[in-house]
Amino acid sequence: MSDSLEHSFVKQLRENQNIIHKICRLYTNDDDAHKDLFQEITIQLWKAFPKFRGDSKFSTWAYRVALNTAITLYRKTKRSINTVEFEGRQHFLNDVEYDYEEEEKLKLMYKAVYQLNDIEKALIFMYLEDKDYHEISETLGISEVNARVKMNRIKGKLKKILNPLGI
Amino acid sequence: MKELDLLKKDWQKSDNSFAQVSENDIYKMIHRKSSSIVKWILIFSILEVLLWTFLSLFSNIDNYLKEINHIELILYFDIFNYVNYAIIIVFIYLFYKNYVVISATTSTKKLMQDILKTRRTVQYYVWYNLGMVLLSCIIAFTIAFVYNPEMELVKDKIAANNIAMLITIGFLLLTSILFIGLFWLFYKVVYGTLLRRLYANYKELKKIDL
């Protein structure tokens, strides 16, 4: 493949890497696995890049390939345990907004999200990224109505994890 | 749900929290080898096709037929072999066709279906070969019984004794079942480990779309 194609790819990926990092964070439990998945996604993106026409944004195109890699193509090198050490994870609200109660809630939320299965994580990811149901349904290959139904179920599931007694 | 809005806000602010990968690192990454399951399936598939093609090419029955003085049967076996080659070529073509369709840019469901379809092509190829092995065994036994003069003595013994007949048939059946069982186990272990997650996720996706 030509150098200019390679250059264009590398530049765009560097600019849009956060979307890939977010997916890696969602699907892996530690830094090594994060890097490993990031690398596999990069390889898959590069392989698919000659077919990228530029009629959609690079980020829109990239997150789809990244999700597919995380859910389907990626072969975990290590067996992962489904619990994540959350205490070490920093939260991203800045000091002005710092709120102890909110921080606790966020921790619980992230923990709950990590307990979802691969497909549910993909749905939540797209929800958090403000994707509409049309795009969600196209990305996963399910109908729009069912994507909506499933999303509501996931929200219910999260609610239950956060508040098991339903108080 | 208030918590979800909070999470969304936090999520969308999280961009600054990742250690950034440099262009240099990305250059290095794209020249590394992929370790995706598609690649593993490709490797296993090529090995399987090679193994079975190798076995079918070298399981030569001609010498045996010459040995027992029935050269007229060779023609039938030649035809059998040519049909076998044609089928191998068709299988390899189908595998290649399915393999090149696999693309990470399609929808998740389609990607999974394409991978499973490619995988299934090889599986059919292996089952076809196993069937052929069994068929060859049956033919070989039949030929041995009907044409091989050395078998006359054994035949007489078996015919004279119903229990010996039953034991022979039982033994052949048991060997076949054991043979197939071993293959099934091998498949479960190799592809089960490789595809467990894919099957689970595919099932989940199908469940959503019921």
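The values are calculated or read from the model by the stated rules, or taken from the named source; none is laboratory data. This is a predicted model, so every value here is computed, not measured. A quick note on method: Cβ atoms are made from the backbone with ideal geometry, for glycine too, and the neighbour counts reach across all protein chains shown.
For (1) without any contact (Cβ under 8 Å) to a residue 60 or more places away in the chain; (2) more than 30 Å from A:Thr139 (Cβ to Cβ); (3) in contact with a helix residue (DSSP H, G or I) (Cβ under 6 Å, 6 or more places away or on another chain); (4) not β-branched (Val, Ile, Thr), each residue gets a yes or a no:
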{"residue": "B:Leu174", "(1), (2), (3), (4)": "yes, yes, no, yes"}
{"residue": "B:Gly181", "(1), (2), (3), (4)": "yes, yes, no, yes"}
{"residue": "B:Trp184", "(1), (2), (3), (4)": "yes, yes, no, yes"}
{"residue": "B:Val190", "(1), (2), (3), (4)": "no, yes, no, no"}
{"residue": "B:Ala200", "(1), (2), (3), (4)": "yes, no, no, yes"}
{"residue": "B:Lys207", "(1), (2), (3), (4)": "yes, no, no, yes"}
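For segment A:1-32, a residue qualifies if it is farther than 26 Å from B:Gln12 by Cβ and among the charged types (D, E, K, R), and the qualifying residues are A:Asp3, A:Glu6, A:Asp32. Tallying residues that are within 21 Å of A:Thr69 (Cβ to Cβ) and surrounded by 12 or more Cβ atoms within 10 Å (Cβ to Cβ) within segment B:1-22 yields 5.
Condition first: within 8 Å of another protein chain (Cβ to nearest Cβ) and over 24 Å from B:Met112 (Cβ atoms). Can you find one or more residues in segment A:20-32 that meet it? Yes, some residue in segment A:20-32 is within 8 Å of another protein chain (Cβ to nearest Cβ) and over 24 Å from B:Met112 (Cβ atoms).
Just wondering, is there one or more residues in segment B:38-46 that are facing chain A (nearest Cβ under 9 Å), surrounded by fewer than 19 Cβ atoms within 10 Å (Cβ to Cβ) and modelled with pLDDT of 85 or more? For segment B:38-46, residues facing chain A (nearest Cβ under 9 Å), surrounded by fewer than 19 Cβ atoms within 10 Å (Cβ to Cβ) and modelled with pLDDT of 85 or more: present. The set of residues in segment B:2-32 that are among the β-branched types (Val, Ile, Thr) and under 12 Å from A:His21 (Cβ atoms) contains only B:Val21.
In segment B:95-142, what residues are aromatic (Phe, Trp, Tyr) and touching a residue at least 40 places away in the same chain (Cβ under 8 Å)? Give the steps one after another, and end with the answer.
Filtering segment B:95-142 down to residues aromatic (Phe, Trp, Tyr) leaves B:95-96, B:99, B:124-125, B:127-128, B:141.
Matches in segment B:95-142: B:Phe95, B:Tyr99, B:Tyr125, B:Tyr128.
When the criteria are applied in full, A:Ala147 fails the requirement of being of a type in the set (A, V, I, L, M, F, W, C), within 10 Å of chain B (Cβ to nearest Cβ) and within 15 Å of the chain's Cα centre (by Cα).
Restricting attention to segment A:142-167, the residues that are crowded, with 18+ Cβ neighbours inside 10 Å and either modelled with pLDDT under 90 or touching a Ser or Thr at 6+ places or on another chain (Cβ under 6 Å) (or both) total 2. Checking the structure you have, find out if any residue of segment B:49-65 is away from chain A (no Cβ under 14 Å), within 30 Å of A:Ile71 (Cβ to Cβ), at pLDDT below 85 and buried (at least 17 other Cβ atoms within 10 Å of the Cβ). Looking through segment B:49-65, at least one residue is away from chain A (no Cβ under 14 Å), within 30 Å of A:Ile71 (Cβ to Cβ), at pLDDT below 85 and buried (at least 17 other Cβ atoms within 10 Å of the Cβ). Quickly run through segment A:35-77 and pick out the residues that are in contact with a Cys (Cβ under 6 Å, 6 or more places away or on another chain) and more than 9 Å from chain B (Cβ to nearest Cβ). Across segment A:35-77, the qualifying residue is only A:Leu37. Among the residues of segment B:137-155, is there at least one that is away from chain A (no Cβ under 14 Å), closer than 30 Å to A:Lys51 by Cα and either assigned to a helix (DSSP H, G or I) or at pLDDT 85 or above (or both)? Among the residues of segment B:137-155, not one is away from chain A (no Cβ under 14 Å), closer than 30 Å to A:Lys51 by Cα and either assigned to a helix (DSSP H, G or I) or at pLDDT 85 or above (or both), which makes the answer no. Residues of segment A:17-37 that are surrounded by fewer than 17 Cβ atoms within 10 Å (Cβ to Cβ), assigned to a helix (DSSP H, G or I) and out of contact with any helix residue (DSSP H, G or I) (no Cβ under 6 Å at 6 or more places or on another chain): A:Asp31, A:Asp32, A:Lys35.
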